[in-house]
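Following: one structure in structure tokens, then a few remarks.
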Amino acid sequence: MLIISEQAVRDSVGRADAAAAVESVFAAMAAGDARNFPVVREAIGHADALYGFKSGFDRGELTLGVKSGGYWPGNAARGLTNHQSTVLLFDPDTGQPRALVGGNYLTALRTAAASAVSIRHLARPDAATLGIVGAGHQAPFQLRAALEERRFQRVVAWNRSPERLNDLAAAAAEAGVAFETVDRDTLCRQADVIITITSCFEPLLSARQIRPGTHIACMGTDTAGKQEIDPAILAAAEVFTDEVAQAAGIGECQHAVAQGLIAAEAIRPVGDVIRNADTFARAAGTVTVFDGTGVGLQDLAVARVAVERAVAAGSAVEASL
Ligand code: NAD
């Protein structure tokens, strides 16, 4: 078995690699060639932790595995990341473990890749201003990946606690893009693409704020009860997702579906657009929403690339069980 450390993942997998892997596995999911298995997520009654598994199998790439981990809210006080995860890949022919891959950086990369892929396929080609709602751990990853998909000239951002926006400002500066902290009305008025990446349980953006032609990637809602945007936005938009059942159950779409504002059948897998099975021609005034719920196959796809790259770079460690 191979061990790919967090550092080896950082050193070997780039944003373009992650976006290509995620784009390809979204297409495989939509084609029925790759399947996510039911997610387990439980409060363990210790350290306030949420722990679970996301797993799946990609028949085309022969990638079988599981990402296990969760959320330990006390970790930051210990100098550790609150989100902790590890990926285990198996040989689909024998069930033997193939590789153990550090999953923390990989999770940030694959989540950023998902909103970037949605921008690639759904946002207006002339999108010039990027809006970011949220400024936690994940936000700079979303920003950097998004900047690679369009010629964005400005980033406008909002966070509940504005002092946390420094990391986003630094990421924009690093990319040579102008950055401004704004209120949410201004953000929606100016941004052509909006990424929401918060842990919020109520709508932060209302339908009256959203301009025609906007693309919104909702990335924070991955659990029952969470919410980032007004369900009325979804009712009036073309809605896409990574996995329809998960969007309707635990994604941003959960509220609109529960309120009968949209039918689960109306939510489209972005993978269909990637494969051209469902060509999407954006009309000028259309609002598009990508509900990025986060699926195990994204993790496995990027972990597979990490293994390939780390082996090539000589940073994979061989171990036997
Ligand atoms: P974080 O804890 O570092 O940051 C949380 C962010 O949410 C901060 O910007 C905070 O200000 C904001 N926030 C929290 N409560 C809020 C409220 N009531 N109103 C407004 N803003 C609020 O978390 P992170 O690592 O940046 O992740 C952000 C969210 O994305 C989390 O909820 C996480 O579960 C989710 N996530 C989703 C995926 C996916 O694939 N969809 C992957 C990773 C993380």
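If you check R208, R164, R184, R160, which single one turns out to be charged (D, E, K, R) and free of Cβ contacts under 8 Å to residues at least 24 places away in the same chain?
R208
Taking the residues in segment 15-50 that are of a type outside the set (A, V, I, L, M, F, W, C) and surrounded by 13 or more Cβ atoms within 10 Å (Cβ to Cβ) as candidates, determine which candidate is modelled with the lowest pLDDT.
So the first thing to find is which residues in segment 15-50 are of a type outside the set (A, V, I, L, M, F, W, C), and the list is 15, 17, 23-24, 32-33, 35-36, 38, 41-42, 45-46, 48.
Those left that are additionally surrounded by 13 or more Cβ atoms within 10 Å (Cβ to Cβ): 15, 17, 23-24, 33, 35-36, 41.
Working: R15: 97, D17: 96, E23: 98, S24: 98, D33: 98, R35: 97, N36: 97, R41: 90.
Among them, the one singled out is R41.
Please verify whether segment 287-294 includes one or more residues that are surrounded by fewer than 23 Cβ atoms within 10 Å (Cβ to Cβ) and either closer than 26 Å to D126 by Cβ or aliphatic (A, V, I, L, M) (or both).
The answer is yes; a qualifying residue exists.
Identify, by number, the condition in (1) within 19 Å of the chain's Cα centre (by Cα); (2) more than 23 Å from R35 (Cα to Cα); (3) surrounded by 19 or more Cβ atoms within 10 Å (Cβ to Cβ) that V156 doesn't meet.
It fails just one condition, (1).
Within the bounds of segment 234-253, is there any residue that is crowded, with 24+ Cβ neighbours inside 10 Å, more than 10 Å from the ligand (Cβ to nearest atom), more than 25 Å from R35 (Cβ to Cβ) and modelled with pLDDT of 95 or more?
Yes: segment 234-253 contains one or more residues that are crowded, with 24+ Cβ neighbours inside 10 Å, more than 10 Å from the ligand (Cβ to nearest atom), more than 25 Å from R35 (Cβ to Cβ) and modelled with pLDDT of 95 or more.
Applying the selection to segment 104-139, what residues are β-branched (V, I, T) and under 15 Å from the mean Cα position of the chain (by Cα)?
Across segment 104-139, the qualifying residues are T107, T111, V117, I119, I132, V133.
Report those helices (runs of 4 or more DSSP H) wholly inside segment 230-321 carrying at least 1 residues which are out of contact with any Pro (no Cβ under 9 Å at 6 or more places or on another chain) and assigned by TED's automatic domain parsing to the domain that holds G69.
Qualifying helices (runs of 4 or more DSSP H): 296-313.
Of all residues in segment 226-283, which are touching a residue at least 24 places away in the same chain (Cβ under 8 Å) and among the polar types (S, T, N, Q)?
Q227, T241, Q246, Q254, Q259
Hey, does segment 140-149 have a residue that's within 15 Å of the ligand (Cβ to nearest atom), at pLDDT 95 or above and within 15 Å of T288 (Cβ to Cβ)? Spell out how you get there, then give the answer.
To start, the set of residues in segment 140-149 that are within 15 Å of the ligand (Cβ to nearest atom) comprises 140-146.
This time we only want the ones that are at pLDDT 95 or above, so: 140-146.
Next, from what is left, pick out any that are within 15 Å of T288 (Cβ to Cβ): 146.
Yes: segment 140-149 contains one or more residues that are within 15 Å of the ligand (Cβ to nearest atom), at pLDDT 95 or above and within 15 Å of T288 (Cβ to Cβ).
The values are calculated or read from the model by the stated rules, or taken from the named source; none is laboratory data. Because the structure is a prediction, the values reported are computed rather than measured. Glycine gets a Cβ as well: all are built from the backbone with ideal geometry, and neighbour counts include every protein chain shown.
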